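To start, the structure itself, in structure tokens.
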Amino acid sequence: MASVKLKQVLISGFLLWLFSVIGTLLVAVTEQSTIEQIRANEKKVLLQNLHALIPPQKMDNDMTQDTITLAPSDLLGTKDSSTAWRARKNGEPVAVVLNAVAPEGYNGDIHLLVGIYYDGTLAGVRVVKHQETPGLGDGIETRKSGWIFGFDGQSLDAPPAERWKVKRDGGDFDQMTGATITPRAIVKAVKNTLLYFQQHRQRLFQ
Ligand SMILES: Cc1cc2nc3c(=O)[nH]c(=O)nc-3n(C[C@H](O)[C@H](O)[C@H](O)COP(=O)(O)O)c2cc1C
């Protein structure tokens with residue numbers, strides 16, 4: 001009788017152990033595939049943002065795989081190291097997309113992606129994170145207004161550096177109705193990012 005009871009205890013113990021192993025394995029596999037899914041989605045969104053700035057037909061490389069890590073920089077407004085993505089065609093540099101921060105937003109830091117062609121011309125600017133006031137400063141988002149497209153094709157020569165201000169301050173860039181602080185902060189950050197590019201162009205494509 002006692003040996004039958006022991007056998008039963010051993011069998012149920014073994015089954016419990018087996019189920020816990022299978023359960024752990026299932027969780028691990030699901031977690032891994034979820035992580036891979038998240039990574040794949042992140043890469044897709046990143047590529048969409050990068051290609052929104054640098055059209056895919058301008059390059060023959062995968063910008064997400066051609067990166068350089070940049071040290072924190074006052075001109076980029078970055079306090080930590082940041083990634084830059086490079087576009088190339090036939091091995092030749094075409095453009096770079098830099099992370100930049102405009103610290104003087106109405107409600108603090110405004111995070112930007114700035115696309116610059118090798119000749120120093122702006123491919124475009126996109127806002128990736130901000131807390132500007134809805135209905136006022138949030139006009140910097142492409143889904144809210146076309147204001148941010150005003151940077152496309154500009155450079156430090158056109159307009160000349162001294163006109164890199166909002167019109168309210170005597171420059172060439174539009175402000176938004178009831179909102180000057182946000183555009184003022186972004187115009188300044190984009191100008192500084194162009195200055196950074198001017199100073200580091202060679203190294204950026206090494
Ligand atoms: C509650 C509140 C939120 C505001 N949010 C913003 C904003 O997000 N961006 C902005 O540029 N101005 C914002 N403003 C307006 C600014 O205070 C300022 O009046 C406007 O930017 C014009 O600036 P200027 O006088 O320097 O030209 C806000 C004002 C208030 C009262």
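The values are calculated or read from the model by the stated rules, or taken from the named source; none is laboratory data. Since this is a predicted model, take the numbers as computed values, not measurements. Ideal geometry is used to build each Cβ from the backbone, glycine not excepted, and the neighbour counts take in all protein chains shown. We work out accessible area using only protein heavy atoms, side chains counted, and drop any ligands, DNA or RNA first. Shrake-Rupley method; radii C 1.70, N 1.55, O 1.52, S 1.80 Å.
Things worth noting here:
- The Cβ shell under 15 Å around Asp62 holds other residues with a net charge of +4, Lys and Arg each +1, Asp and Glu each -1.
- Between helix 2-53 and the chain: long-axis angle, C-alpha atoms, 0 to 90°, nearest 10: 10 degrees
- Label-point separation in nm, Ala40 to Leu26, each point 7 Å along Cα→Cβ: 2.2 nm
- As a length-normalised measure over Cα pairs under 8 Å and 6 or more apart, the relative contact order of the range 57-204 settles at 19 percent.
- Applying the Karplus relation 6.51 cos²θ - 1.76 cosθ + 1.60 with θ = phi - 60° to the range 193-204 yields 3J(HN,Hα) values of 5, 5, 5, 4, 4, 4, 6, 10, 3, 4, 5, 4 Hz, where x marks Gly and Pro.
- Across the range 51-137, the mean sequence separation of Cα contacts (distance under 8 Å, 6 or more residues apart), normalised by length, yields a relative contact order of 23 percent.
- When the chain is treated as a Gaussian network with alpha carbon springs shorter than 10 Å, the biggest mean-square fluctuation among Arg126, Arg163, Arg143 belongs to Arg143.
- Candidates Ala71, Ala84, Ala95, ranked by Gaussian network fluctuation over the chain, Cα under 10 Å, top entry: Ala71
- Fraction of alpha-carbon pairs over 20 Å apart in the chain - percent: 63 percent
- GNM result for the chain, Cα springs below 10 Å: residue of Thr67, Thr177, Thr133 fluctuating most strongly: Thr177
- Separation of the alpha carbons by more than 26 angstrom is noted, of Lys89/Lys165; Lys144/Lys188; Lys89/Lys188; Lys79/Lys129; Lys89/Lys129; Lys43/Lys165, for Lys89/Lys165; Lys89/Lys188; Lys89/Lys129; Lys43/Lys165.
- Here is the size of the range 133-206 from its Cα atoms: Rg then Dmax, 13.4, 43 Å.
- With protein chains left intact and a 1.4 Å probe, residues in the chain average 58 Å² of accessible area per residue.
- Here the accessible area is traced with a 1.4 Å probe on the protein chains. For the range 57-204, carbon and sulfur cover 47 percent of it.
- Sequentially through the range 147-161, phi angles give Karplus couplings (6.51, -1.76, 1.60; θ = phi - 60°) of 3, 5, 6, x, 8, 3, x, 7, 7, 6, 8, 9, x, x, 3 Hz, Gly and Pro residues having no value and appearing as x.
- The GluC sites (Glu not before Pro) of the range 35-137 include none that DSSP puts in a loop with a beta carbon having at most 14 other beta carbons within 10 Å.
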